[in-house]
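The values are calculated or read from the model by the stated rules, or taken from the named source; none is laboratory data. All figures in this text were calculated on a predicted structure; none of them were measured in a lab. FYI the Cβ positions are ideal-geometry reconstructions off the backbone, even for glycines, and counts take in every protein chain you see.
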Amino acid sequence: MIGLITAFFASFLITLLILRSQHLHQDLTHDHQLDGPQKFHMLSVPRIGGLSIAIGLCAALFVFYLQKSAAHEILKLFVLCAIPTFAIGFAEDISKKIGVKVRLALTALSAGLFIYLLQAQITQLDIPVIDLLLVIPFFGMALTIFAITGLANAYNLIDGFNGLASMVGVITLLAITYIAFKVQDFQITAVSLVMIGSILGFFIWNYPRGLIFLGDGGAYLIGFWIAASSVLLVARHPEVSPWFALLVNGYPIMETLFTIYRRRIHQNKNPGMPDGIHFHTLIYRRILMSRHLGDDVLSANSRTAPYLWFLAGLSIAPAILLWQSTPFLMGASLVFLVLYVWVYSRIVKFKTPDWLHL
């Protein structure tokens, strides 16, 4: 708990410092581009909230070192592994010139470091044919790097509105913390709680007013941390189904896969090019924008995130309840997939279900 508290206050204070000093660094740190398919803010604000989260993690690491905590070593390894993905994301937040391929490459490097330093990778999916391939170390390593890199990028993809990606991260980490506690893995519990504290210290300033953004550095850092924690939990504890790791991250994974399908197959475009029809964008434009555009704190922007928090919860809840049962988790994954596609298609066709108009 001391790690969570330390991370929270360090992140909170650094975010406050960034905001109070923004007149000194706004040329570098602000998001000045207010138009575009994924731009929904009205004013230029700092986009380096990831720095606060990173410093929160380092502060907790220092406290663990002073206390000679058993969690110090694993937290140190997580921080070391996360450096490449955070650094390249933060560099993009400053320069705004680094392409997605370079960011993915450095995130893959972080995933590779995780496999090497933590000695953990995906070894089974409880699908016989695939499991035969995963017996070969190369395939397990390749799938692990792909999965961690993909989820890190997924959090950058869903980071479209105030509080969206950060709170989805908190909810997911709480689920991982709960299962880690159930299997008495107090190292993963500590790693998850420290990240929760760091995110919450930032979240207070980000939601609902959007005074500061996560930026690529923050989104990639959170996504990597959650992906690595998910893989490590399943690798260390065979009683935890590998489908727990998939379903607990159901929303960002589904958003990424559907975005690739939409851009590549349906639109015949580069999957890396931005568009304005993500699930969260449709919620904003088709349900909220016309009614709440000028409400300040309760604006359409701030009202969007809770819809997606709830959506994420629809996959996280069964993941927690059925964490040992692969067949049930597979079934829950299929139900979530059908629900996601059905609701998305209804909104696109201007047939939004009445219960979404809250």
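All told, Thr177 meets the bar of being at pLDDT 95 or above, under 26 Å from Gln324 (Cβ atoms) and touching a helix residue (DSSP H, G or I) at 6+ places or on another chain (Cβ under 8 Å).
The condition of being closer than 29 Å to Asn301 by Cα and surrounded by fewer than 18 Cβ atoms within 10 Å (Cβ to Cβ) holds for only one of Leu174, Leu132, that being Leu174. Scan region 107-128 for residues that are in contact with a helix residue (DSSP H, G or I) (Cβ under 8 Å, 6 or more places away or on another chain) and farther than 16 Å from Ile226 by Cβ and the total you get is 11.
Residue pairs whose Cβ atoms lie under 9 Å apart, separated by 6 or more positions or on different chains, with the first residue in region 199-219 and over 24 Å from Arg103 (Cβ atoms) and outside any helix (DSSP H, G or I) and the second of a type in the set (S, T, N, Q) and modelled with pLDDT of 95 or more, are Tyr207/Ser166; Leu211/Thr15. In this structure, is Ala70 over 21 Å from Ile148 (Cα atoms) and not in a helix (DSSP H, G or I)? Here the answer is yes, as Ala70 does meet what is asked. Residues considered: Tyr116, Tyr155. Of these, the only one that is of a type in the set (Phe, Trp, Tyr), in a helix (DSSP H, G or I) and exposed (fewer than 14 other Cβ atoms within 10 Å of the Cβ) is Tyr116.
Yes/no matrix, rows are residues, columns are (1) touching a strand residue (DSSP E or B) at 6+ places or on another chain (Cβ under 9 Å); (2) part of a loop (DSSP other than H, G, I, E, B); (3) at pLDDT below 95:
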{"site": "Gly3", "(1), (2), (3)": "no, no, yes"}
{"site": "Phe9", "(1), (2), (3)": "no, no, no"}
{"site": "Phe12", "(1), (2), (3)": "no, no, no"}
{"site": "His23", "(1), (2), (3)": "no, no, yes"}
{"site": "Gly36", "(1), (2), (3)": "no, yes, yes"}
{"site": "His41", "(1), (2), (3)": "no, yes, yes"}
{"site": "Ile53", "(1), (2), (3)": "no, no, no"}
{"site": "Gly56", "(1), (2), (3)": "no, no, no"}
{"site": "Ile83", "(1), (2), (3)": "no, no, no"}
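When the residues of region 85-105 are narrowed to those that are surrounded by 15 or more Cβ atoms within 10 Å (Cβ to Cβ) and farther than 24 Å from Ala142 by Cβ, which ends up modelled with the lowest pLDDT? Of everything passing the filter in region 85-105, Ile98 is modelled with the lowest pLDDT.
Scanning region 207-215 finds no residues that are crowded, with 24+ Cβ neighbours inside 10 Å, modelled with pLDDT of 95 or more and small (Gly, Ala, Ser).
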